[in-house]
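Structure record follows, encoded as structure tokens.
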Amino acid sequence: MKQAFLHSVFLFVALCSFGQKPIVILEVEPKEAEVGEMLTITVRANVQGEIDVDLPSGFIHGYEIMNGMNQEIDYNTGKVINYFYLSQNGAMPKAGTFKFGPAYVKKGNKVYRSNTVTVTIRKENTAPVTNGNEITAKQLRQPAFGIIEKSKSVIYEGEPLILNAKVYSIFDPSHLEDYQEYKLDGALDKHDITTSSRITVREEKIKRNTYYAFEHDKKVIFPIGTGKFTIEPFKLMLRRGIEGVPITSSSTAIEVKPLPGNAPKDFIGGVGQFTVTSSIDQTKLKQGDVFTLIVEVSGYGNLQNISEPKLNLPKGFVVYGDAIVKEDIAFGSRGAEGKITYEYNIQVTKYGDLVFPETTLSFFDPIKEKYVQISTQTTTLSVQKNAGFKISDNSTTTLVESKGQDIFPFKTSGEFSTEHNSIVHSPVFWVGVTVPVLCGLFLGLFWRKREENEVHVVKKQEKQQAKVGIQNVFSEAENALMNQDYTNYYGLIEKGLQRSMGLYLRNDDSIILSKSTILEELRLKNVEAAKITALQQLFTSCEEARYGFGITPENRDALIISAKQISQSILKA
Amino acid sequence: MKSLSFFLAIFGFACSSFVHANSFDDGLKAANAKNYKQAIHEFEEVAKEEPQNSAAFYNLGNAYYKNKEFGNAIWAYETSIKLNPKNAEAPVNIELCYRELTNGNSWQPSISGLQRMIYGIGSTTWAILSTLISCLIAYSIFSLLKQKNTPWKRFHVMALFGESILFIGFLIAANSSANYPANNDFGIITAKTSPCFLDETTKSSDFTINEGAKVHILSEKANRVEVELLEGRKVFISKKDLRFI
């Protein structure tokens, strides 16, 4: 009996295994989604066939379709089962509750049916995703988008603000091009704190969708002034190989609140977290000795903009000169971080055991939202009496001690020289400036004219004398004619003519020019051709007569008259 | 009749000078008696009547400082510096005002060091120098015209060139020194905070600027003034919130 029972059980299991029921499963993920959010519909079946799914009307098919086969082990039977699957994505364009399925697998004449899945679609949430920075639904529908990421939306005046460009894309970007940085009006003090020029892409999930995201152009900014400031968007071209998507990020806004009005007197303008320490190089001194006090302010925030702490020195200590300031500041995600040391040279003018007071300063803590006062330790100085020491100038000491605590005193009316009416605007000034220049010009011109006149008169006299000289030569020629000294007669005529031409052409009758030169220069001076011809004939006649070619007595007597006429006519011209 | 009116004019002028001197002294007396409101009133009177009186503006700044009106004090000190660029005490007092205001501002000179030196010398000095150099130019012109073709000609040409450059420089310095006090290029915010508008008519402001801030005046409109802030932003602010330097 027992044996028969066991046999029946084994037979039943074997039948179940061989006659396994076809399975068709429909899965939709997620079950609750927003309008436009991607849904993944998967049909799994252990029979291979044509798969079809009943989808709600209006369902928008996505581009991701996958099908294939995978194998699973049935741990009950230990058998390997082949599952065929089809996966598709898509979205619903409207809100409501929708039934997906059933899915059908058609194999031969048989059709296998799956389950149905109910999915609730909510209205689209138009409110931005708030992780401190706004991502709109519109941006999420784009293949790539950018936002300006900021460390805070509301800051106090002087508080550092960290900004960076952040880019999201549905594809894995290779590089970016044509980056135009975001702009903040009034950001007087900004520092680049980007650690690497390369972009590091990582995956981030927004609303269950995975994006490739990276940060770029990280800056620490110290806005000046208070109020609302808009940060203008950045632009870039995001590339994946040669394909690119232009991106213009959304703009963003920050609010800069003024610091509370009840600032302590020792407020140094610091906004952040700071500490102060001080050290004195020697504690055993003689009266009149100068020691060095080093005050070190360290921390982070707007360290680069803090003022020098005020020393609260009692009588007996005098500061010499300005403090030597050394800065060791680096800009990072906490603002300006590091330390500033102020080195003071202080003279001790009293003796005994003197307590050098603490240095106090206040800064504004933006986390606690209040002013915080911090101070250094007091130091006891042991100062020996120095009989030879005298305070040389009490008034200077007082001034140095009081400087920085009170304003300079009132003035009497005579202490500042004031120009009530500038003479520049009066005509007297312009007359005074121009008259000397004009006088110099007119006097100079007058002087020059007078000198020129003098020269002219002298030249005229010289010319007159020269003419008389030439006249004398011609008179000598006439005498030679009367004395029948013909050779001399012709020579004197030629001499008279040459001197005349010398006077005419060179203003100097002592220059004797050759005949050919005279004729050439007369032509160049455009003297009448008749006169030149007459002169040339005269020279020829004189030469011919002198060398015995013969001349009639009438022509001989006429030579002197012609020479005089030509000389006079040319000199007149 | 003519001599009587001349006498009256002289008398009136003398009386008005006496009144100003009295206001100045009254201001000092009020300040010594720590009656700073009265001192402000007296020095404002002097400043109104003698807009070139640097000492009056300086004392007005001190009176405002003592009365804890730091924006007005900065304005008065800045005006005093403008009238007397050699004034070394007013900048220190302005710094003290900014420390009291604790809004992160600090004194920024309106003019460069070179301009301060030029304006500090004063237009009268520049005018005298211009007149002297014009006499030298006259001498050089005369010499140049008189001595022609001599070895000195080159020297006189060079001298005339140098003198002409100096003359133009001195004239520019004299003119700019004389005109500088009349230019209202800057202003100081005297209200506790002043809303900044992006245009002439907008009613809502985007941000505010603090008391004592120095702004560069660009243009004046009916009720607002277009200004450029130190960081370069151009905005409109209400006329009543600032005083011109």
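Let's see how each residue does on (1) assigned to a strand (DSSP E or B); (2) more than 14 Å from chain B (Cβ to nearest Cβ); (3) surrounded by 15 or more Cβ atoms within 10 Å (Cβ to Cβ); (4) not hydrophobic (A, V, I, L, M, F, W, C):
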| residue | (1), (2), (3), (4) |
| --- | --- |
| A:L238 | yes, yes, yes, no |
| A:V245 | yes, yes, yes, no |
| A:I254 | yes, no, yes, no |
| A:A263 | no, no, yes, no |
| A:G270 | yes, no, yes, yes |
| A:T275 | yes, yes, no, yes |
Legend entry - Identity of the residue in the stretch B:63-75, within 9 Å of B:I40 (Cβ to Cβ) and more than 11 Å from every other protein chain (Cβ to nearest Cβ), that ends up surrounded by the most Cβ atoms within 10 Å (Cβ to Cβ): B:N72
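Which residue, of B:K240, B:K203, is at pLDDT below 85 and not in a strand (DSSP E or B)? It would help to see each step written out before you state the result.
Numbers: B:K240 fails: at pLDDT below 85.
The match here is B:K203.
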Legend entry - Residue check for B:L129: within 10 Å of another protein chain (Cβ to nearest Cβ) and part of a helix (DSSP H, G or I): no
Inset, instruction - Find all pairs meeting these conditions: Cβ atoms under 7 angstrom apart; at least six residues apart or on different chains; first residue within the stretch B:166-181 and more than 8 Å from every other protein chain (Cβ to nearest Cβ); second residue aromatic (F, W, Y). - result: B:F170/B:W126; B:A173/B:W126; B:Y180/B:Y119
Inset, instruction - Within the stretch A:416-427, identify whether any single residue is at pLDDT 80 or above and at the interface with chain B (Cβ under 8 Å from one of its Cβ atoms), and answer yes or no. - result: no
Inset, instruction - Identify all residues within the stretch A:474-497 that are crowded, with 21+ Cβ neighbours inside 10 Å and in contact with a Leu (Cβ under 7 Å, 6 or more places away or on another chain); write none if there are none. - result: A:A477, A:Y489, A:I493, A:L497
Inset, instruction - Tell me, yes or no, whether the stretch A:365-372 has at least one residue that is aromatic (F, W, Y) and under 21 Å from A:V319 (Cβ atoms). - result: no
Legend entry - Conditions (1) under 30 Å from B:F70 (Cα atoms); (2) surrounded by 16 or more Cβ atoms within 10 Å (Cβ to Cβ): number failed by B:E163: (1)
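Filter the stretch A:225-239 for residues that are touching a residue at least 40 places away in the same chain (Cβ under 8 Å) and over 22 Å from A:K138 (Cβ atoms); which is farthest from the chain's Cα centre (by Cα)?
So in the stretch A:225-239, the residues touching a residue at least 40 places away in the same chain (Cβ under 8 Å) come out as A:225-226, A:229-239.
Still in the running and over 22 Å from A:K138 (Cβ atoms): A:225-226, A:229, A:239.
Numbers: A:G225: 22, A:T226: 25, A:F229: 21, A:R239: 28 Å.
Taking the candidates together, the pick is A:R239.
Which of the residues that make up the stretch A:233-273 are among the small types (G, A, S) and within 26 Å of A:S153 (Cβ to Cβ)?
Residues of the stretch A:233-273 among the small types (G, A, S): A:241, A:244, A:249-251, A:253, A:261, A:263, A:269-270, A:272.
Result: A:S249, A:S250, A:S251, A:A253, A:G261, A:A263, A:G269, A:G270, A:G272.
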Inset, instruction - Inspect all residues belonging to the stretch A:203-223 and state whether any of them is out of contact with any strand residue (DSSP E or B) (no Cβ under 6 Å at 6 or more places or on another chain) and polar (S, T, N, Q). - result: yes
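Condition first: assigned to a strand (DSSP E or B), among the polar types (S, T, N, Q) and surrounded by fewer than 20 Cβ atoms within 10 Å (Cβ to Cβ). Can you find one or more residues in the stretch A:318-336 that meet it? Before the answer, list the steps.
Within the stretch A:318-336, the subset assigned to a strand (DSSP E or B) is A:318-332, A:335-336.
With among the polar types (S, T, N, Q) added as a condition, the list becomes none.
For the stretch A:318-336, residues assigned to a strand (DSSP E or B), among the polar types (S, T, N, Q) and surrounded by fewer than 20 Cβ atoms within 10 Å (Cβ to Cβ): absent.
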Inset, instruction - Examine the stretch A:527-534 for a residue that is surrounded by 20 or more Cβ atoms within 10 Å (Cβ to Cβ) and in contact (Cβ under 8 Å) with a residue 40 or more places away in the chain, and state whether such a residue exists. - result: no
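Step by step: first the residues of the stretch A:498-519, then only those that are within 15 Å of A:L571 (Cβ to Cβ) and of a type in the set (G, A, S), then the one that is surrounded by the fewest Cβ atoms within 10 Å (Cβ to Cβ). Which residue is that?
Step one: filter the stretch A:498-519 for residues within 15 Å of A:L571 (Cβ to Cβ), giving A:498-509, A:511, A:513, A:518.
Subset that is of a type in the set (G, A, S): A:500, A:502.
Working: A:S500: 27, A:G502: 19.
Within the stretch A:498-519, the match that is surrounded by the fewest Cβ atoms within 10 Å (Cβ to Cβ) is A:G502.
Identify all residues within the stretch B:136-151 that are loosely packed, with under 13 Cβ neighbours inside 10 Å and either within 25 Å of B:S123 (Cβ to Cβ) or more than 10 Å from chain A (Cβ to nearest Cβ) (or both); write none if there are none. Don't jump to the end; show me each part of the working.
So the first thing to find is which residues in the stretch B:136-151 are loosely packed, with under 13 Cβ neighbours inside 10 Å, and the list is B:148-151.
B:N149, B:T150, B:P151 - these are the residues of the stretch B:136-151 that are loosely packed, with under 13 Cβ neighbours inside 10 Å and either within 25 Å of B:S123 (Cβ to Cβ) or more than 10 Å from chain A (Cβ to nearest Cβ) (or both).
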Inset, instruction - Considering only residues that are within 14 Å of another protein chain (Cβ to nearest Cβ) and part of a loop (DSSP other than H, G, I, E, B), look in the stretch B:206-230 and name the one that is surrounded by the most Cβ atoms within 10 Å (Cβ to Cβ). - result: B:A213
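The values are calculated or read from the model by the stated rules, or taken from the named source; none is laboratory data. On a predicted model such as this, the values are computed, not experimentally measured, just so you know. In this analysis, Cβ positions are derived from the backbone assuming ideal geometry, glycine residues included, and neighbour counts consider all displayed protein chains.
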